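Just below is one structure, and these are the notes that go with it.
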Amino acid sequence: MSAAEETMQERQAALKGLGTSRKRVEDARFTQGKGNYVDDIKMPNMLFGDFVRSQHAHARVVSIDKTAALELPGVVAVLTAEDLEPLSLHWMPTLAGDKQMVLADGKVLFQGQEVAFVVAEDRYIAADAVDLVKVEYEELPVLVDPFKAELPDAPVLREDIADQKEGAHGPRRHPNHIFTWEQGDKAAAEAVIEEAPVVAEEMVYYHRTHPCPMETCGAVASMDKVNGKLTLWGTFQAPHVVRTVASLLSGIAEHNIRVVSPDIGGGFGNKVGVYPGYVCSIVASIVTGQPVKWIEDRMENLSATAFARDYWMQGKIAATKEGKILGLWCHTTADHGAFDACADPTKYPAGFMNICTGSYDIPTAYLAVDGIYTNKAPGGVAYRCSFRVTEAAYFIERMIEVLAIKLNMDAADLRALNFIKKEQFPYQSALGWEYDSGDYHTAWNKALDAVDYRGLRQQQSQQVEDFKAGKTRKLMGIGLCHFTEIVGAGPVKNCDILGMGMFDSCEIRIHPTGSAIARLGTISQGQGHATTFAQILATEIGISADDITIEEGDTDTAPYGLGTYGSRSTPVAGAATAMAGRKIRAKAQMIAAYLLEVHDNDLEWEIDRFVVKGAPERFKTMKEVAFASYTQEIPGVEPGLEAVSYYDPPNMTYPFGAYICVMDIDVDTGVTDIRKFYALDDCGTRINPMIIEGQVHGGLTEALAIALGQEIAYDELGNVKTGSLMDFFIPTSWETPNYETDFTETPSPHHPIGAKGVGESPNVGGVPAFSNAINDAFRAFGLTHTHMPHDHWRIWKTANDLGLHS
Amino acid sequence: MIPGRFEYHQPDSVPAAVGLLSDLGDEARVIAGGHSLIPMMKLRLAMPEHLIDLRAIDSLKQISVAGSTVTIGAMATQSDLIDSTELATAAPIVRETALQIADPQVRYVGTIGGNVANGDPGNDMPALMQCLNASFHLHGPDGERQVPAREFYEAAYFTARDDLEILTGISFPACEGGYAYEKQKRKIGDYATAAAAVLLSKAADSSCSQAAIALTNLADTPLYCQEASDHLVQSGVTDASIDAAVQSALGQIEPVDDNRGPVEFKKHAAKVILKRAIENAWARA
């Protein structure tokens, strides 16, 4: 069949563009074990690094004796802070305006901290040598409780900045205090709460957990001493930023550094920051002139690289007797560990925690966040969420439930009463955001109908009666959540990382025969960018997605971008892709007009071609135009067909969703069983529904893990209690329930294709849905709130404290 | 997670393995499936200089039922136990237990011999073997001897096996009646928060003719609950006698506080799990 005979529908389908459940082009290699990850990189003469780590949470380093290690055959070097100091690399800046030890400089501040870096000819020798490095410590008092950080007898952790009264985010009132960040109107919020007829108050703790990507962090550094070029392969969610940081730290000119992110086995925020292992690999390669590989193991990943959450959120919510919310107040104590290494935009030391008014029209609000140092690993990254948005969503969705209890109201009705209405968008929140679009009531009603919410409540009441009558030992919980995300950071005017504006980019080259390559400043870690970005482009330029190669991750070839995290790839790089595609189309239109001998304005775009208005038989396909651009002289138009776009988003995007979890709880054992989980997501324009569904399943499963048991726990001496996958909960298929997914589609008004981003929504909305189900199950017995993680013993204890075992 | 240096040996017979162990002495460890030993080596909590791998000894992989005696070679994997139709008839509780150990990947490699010989109180098979009144076959420089499972475990990782002996197999009488292995765990791959193995036989007059109860991960060894078992035989299986038997068994447990929960919770979980196991076994008897 010739192109001319194809129907419009067939041509449309052939593009595999927006809205197509196109199979992921990445999966052929991933499912066959043909991915190329950083640990797959093997180079001649490659050396291996391994860390000597502190077993103490707080101690002075009295001495480090590396003699025995250096005597072991095959050991090339043992680096300590003393060796890095002449290069000024014994400390490094963090993304949060703090600095962090690369190797222990006089003291250690958390268990697992890097003390020395052993470099050896093979991985086994490196591990043997780690045991031979003798470190003498003098133990210091340990601080693990952030609420004790400012007591008179609290140990001073950061002696390097003990006297520094001004931090990166304003005044510091105590050596263990990092910052206080305030948003909203304190006086107004407190006045509303003082005078309101109903006020509910609760401490909501979002415990410390960890992104725990399947692939741990690692790097291979190779310094070519002949041409002065450094190549760094690594598990980087933001390769360009790593290049800039590496240049600033090492003094190597940026054009002499090439950073490559190969295939990455999940990031979830864990791979945004810069770790001592990267710095030490680079230094070791510079010193030895040989490539140096460093790959952390699982226990190192869990105990030393960036954690997530650890927010103690004290909340007050005020309402009328009828349930209309009047005001919200929140004070958060944020446990940042030993260094402030949060990966947030510079001006947001608590990320976007000020999205904590959620989906609700709350006229007055106030938020304060106190950042605190403790003897724990640094981090505070956005684990499958935009910056601190899961914390915010969990807080408000718990506070709504607590308020519903206080009002003796149905929690679904309370939400509906307070949702921002469709006609209120764009909506200015009390804490400073402009929500772009939303239709919460439609989504909410669809969700309630889909699960027969009223029927579920009747069943639940019956079950409570049966429980009280001794007919069952199981309770039923209904976990509700309506979340609003804030993603797509972000506008350069207020969002930067280390000064780099948070734009993103796409560069497209159309080849003479009508296929294309597009390169972006982002980097997929499993999101399927090679699939979805080609779809955006296919719809924009009329070339089948199958004929478009997407390339990311090599800073020598890709345009500068800020990387992939915070669901920013589609909102920012996806927009750049669409805009670059439109530049291609604009030039193509001029060429088509010349070829068809008409004025530019006499053409209209139709799927994959320019058609002369009123003469549908006269057209030029994009493929024909591409060929002409390389083979014909077009007067007044440069040869070739390429475009680049750097996109600075005018606003964030605000995806939202309605989730409902129905859970059965064995009161005697604390064992939970998810009977049903319904997830409605509105991520604006849907690019690939199959990938969206996969993202939702993945995010919900991580949410399930966090809510039901996943944690990084410390004992009072600062020992990590959950440093392996024996104790750190990663669900398998066995623990993972069936999910029902659904959607509404409310496009973003400011995004070129209306897309909002989806990868993180299920984690943001999932955690409160699971947690609310547990809390809701015990509501009939007087429970107001119980902290996550809801593992068996904690559920049992909740039941026990309520007297349900007597 | 990188082990120290070791030499690897793969003998092809039990005498050769026993000979190697005698020659290498304290510096050697026998390895079966490796699911306990290899993680310990990766953490360098175990640093044997020699590993004697039993995988090439085919005679240790057999499962047989002769008359009323079941014999299982030490190198039979959990997966072999699950797949054996003979075993499913002669001792279905073994299959029920094996299916609750970790995941299929682990069960393809993990062996019954390794599971019972290591003395890890978290392992499921030791309590099951006590419940079945199994005997462990030990081969050493002086030949073979048998030790009852109920007398084998001394403390965590300490057993009646001499350092120079290899546990080569297990035998136990085919079981009759009802059975249940109930296990509470946090997730697939976890050790039990509490687990119970129960075998009950019902006489024609509905009295309980035989009973055996054993518990997993509720002390530093598996626990055979003689008194609780006797109580069910003497009193019959009623709500009251089950409660009494459970109370008796609970008197033996000494759970420790860990990430699975505090002692108080574990005692409660043990009570619930054992009660369910007895009820389930009796319903099947």
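The values are calculated or read from the model by the stated rules, or taken from the named source; none is laboratory data. Note that this is a predicted model, so its numbers are computed, not measured. Because the Cβ atoms are built from the backbone with ideal geometry, glycine has one as well, and the counts that use them run over all protein chains shown.
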### Message
Anything in region A:538-569 that is charged (D, E, K, R) and assigned to a loop (DSSP other than H, G, I, E, B)? List them, or say none.
### Response
A:D556, A:R568
## Note on the structure
Of the residues in region A:707-737, those that are in contact with a Pro (Cβ under 7 Å, 6 or more places away or on another chain) and under 23 Å from A:L680 (Cβ atoms) come to A:A707, A:L708
### Answer residue from region B:188-221, given it is part of a loop (DSSP other than H, G, I, E, B) and over 14 Å from B:G122 (Cβ atoms) and is nearest to the other protein chains (Cβ to nearest Cβ) among those
B:I188
### Message
When you check A:T746 against the structure, is it touching a strand residue (DSSP E or B) at 6+ places or on another chain (Cβ under 6 Å) and among the β-branched types (V, I, T), yes or no?
### Response
yes
### Message
Every residue in region A:665-701 that is closer than 26 Å to A:Y453 by Cβ, charged (D, E, K, R) and within 14 Å of another protein chain (Cβ to nearest Cβ), please.
### Response
A:D666, A:D673
### Message
Anything in region A:182-210 that is touching a His at 6+ places or on another chain (Cβ under 6 Å) and over 14 Å from A:L328 (Cβ atoms)? List them, or say none.
### Response
A:Y205
### Task
May I ask you to list the residues in region A:573-605 that are under 30 Å from A:A530 (Cβ atoms) and not in a helix (DSSP H, G or I)?
A:W605
#### Entry: Every residue from region A:634-650 that is on the phi < 0 side of the Ramachandran plot and of a type in the set (G, A, S)
A:A643, A:S645
### Query
Is there a residue in region A:623-630 that is in contact (Cβ under 8 Å) with a residue 60 or more places away in the chain, in the same structural domain as A:S461 (by TED's automatic domain parsing) and among the hydrophobic types (A, V, I, L, M, F, W, C)?
no
### Task
Go through region A:732-752 and give me each residue that's within 14 Å of another protein chain (Cβ to nearest Cβ) and of a type in the set (V, I, T).
A:T732, A:T736
### Task
Would you check if there is a residue in region B:128-137 being within 20 Å of B:L21 (Cα to Cα) and of a type in the set (F, W, Y)?
yes
#### Entry: Single match in B:A32, B:A91 (criterion: more than 14 Å from chain A (Cβ to nearest Cβ), under 29 Å from B:I213 (Cβ atoms) and either surrounded by fewer than 18 Cβ atoms within 10 Å (Cβ to Cβ) or in contact with a Cys (Cβ under 9 Å, 6 or more places away or on another chain) (or both))
B:A91
### Task
Output the strands (runs of 3 or more DSSP E) that fall wholly within region B:1-77 and possess 2 or more residues being out of contact with any helix residue (DSSP H, G or I) (no Cβ under 6 Å at 6 or more places or on another chain) and not β-branched (V, I, T), or say none.
B:7-9, B:50-53, B:63-66
#### Entry: Test for A:E150: is it in contact (Cβ under 8 Å) with a residue 24 or more places away in the chain, in a loop (DSSP other than H, G, I, E, B) and more than 26 Å from A:V220 (Cβ to Cβ)
yes
### Query
In region A:293-334, which residues are of a type outside the set (G, A, S) and under 8 Å from A:G380 (Cβ atoms)?
A:F307, A:R309, A:D310
### Message
Among the residues in region B:166-175, are any of a type outside the set (G, A, S), farther than 21 Å from B:S68 by Cα and assigned by TED's automatic domain parsing to the domain that holds B:A74?
### Response
yes
## Note on the structure
Note on A:H790: of the conditions (1) within 14 Å of another protein chain (Cβ to nearest Cβ); (2) not in a loop (DSSP other than H, G, I, E, B), unmet is (2)
### Query
Among the residues of region A:420-437, is any out of contact with any Asp or Glu (no Cβ under 8 Å at 6 or more places or on another chain), over 24 Å from A:P649 (Cα atoms) and among the aliphatic types (A, V, I, L, M)?
no
### Residue list for region A:743-771, restricted to those being crowded, with 24+ Cβ neighbours inside 10 Å and not in a loop (DSSP other than H, G, I, E, B)
A:A755, A:S761, A:P762, A:N763, A:V764, A:G765, A:G766, A:V767, A:P768, A:A769, A:F770, A:S771
### Task
Answer with yes or no whether B:L51 is more than 14 Å from chain A (Cβ to nearest Cβ), under 17 Å from B:A117 (Cβ atoms), in contact (Cβ under 8 Å) with a residue 12 or more places away in the chain and in contact with a Lys or Arg (Cβ under 8 Å, 6 or more places away or on another chain).
yes
### Task
Working carefully through the options A:A780, A:A799, find the one that is more than 14 Å from chain B (Cβ to nearest Cβ) and either part of a strand (DSSP E or B) or among the aliphatic types (A, V, I, L, M) (or both).
A:A780
#### Entry: Residue list for region B:185-207, restricted to those being surrounded by 24 or more Cβ atoms within 10 Å (Cβ to Cβ) and more than 16 Å from the chain's Cα centre (by Cα)
B:L200
### Message
What are the pairs with Cβ atoms under 7 angstrom where one residue, in region A:208-228, is modelled with pLDDT of 95 or more and the other, located anywhere, is assigned to a strand (DSSP E or B) and of a type in the set (G, A, S)? Sequence gap at least six, or different chains.
### Response
A:T209/A:A308; A:H210/A:A308; A:P211/A:A308; A:G218/A:G234; A:A219/A:G234
### Message
For the structure I just gave you, tell me whether A:I691 is in contact with a strand residue (DSSP E or B) (Cβ under 7 Å, 6 or more places away or on another chain), more than 20 Å from A:A658 (Cβ to Cβ), crowded, with 16+ Cβ neighbours inside 10 Å and at pLDDT 95 or above.
### Response
no
### Task
Please verify whether region B:233-247 includes one or more residues that are crowded, with 17+ Cβ neighbours inside 10 Å, in contact with a strand residue (DSSP E or B) (Cβ under 6 Å, 6 or more places away or on another chain) and aliphatic (A, V, I, L, M).
yes
### Query
Applying the selection to region A:225-241, what residues are more than 23 Å from the chain's Cα centre (by Cα) and over 18 Å from A:P276 (Cβ atoms)?
A:K225, A:V226, A:N227, A:G228, A:K229, A:T231
### Query
So is B:V18 assigned by TED's automatic domain parsing to the domain that holds B:G114, β-branched (V, I, T) and closer than 27 Å to B:G143 by Cβ or not?
no
### Query
So which of A:V274, A:V287, A:V259, A:V245 is β-branched (V, I, T) and farther than 23 Å from A:S524 by Cα?
A:V287
### Task
Out of the residues in region B:251-285 that are closer than 10 Å to A:W793 by Cα and small (G, A, S), state the one that is farthest from the other protein chains (Cβ to nearest Cβ).
B:A269
### Message
Would you confirm whether or not region A:702-721 contains a residue that is within 11 Å of chain B (Cβ to nearest Cβ), farther than 27 Å from A:F656 by Cα and modelled with pLDDT under 95?
### Response
no
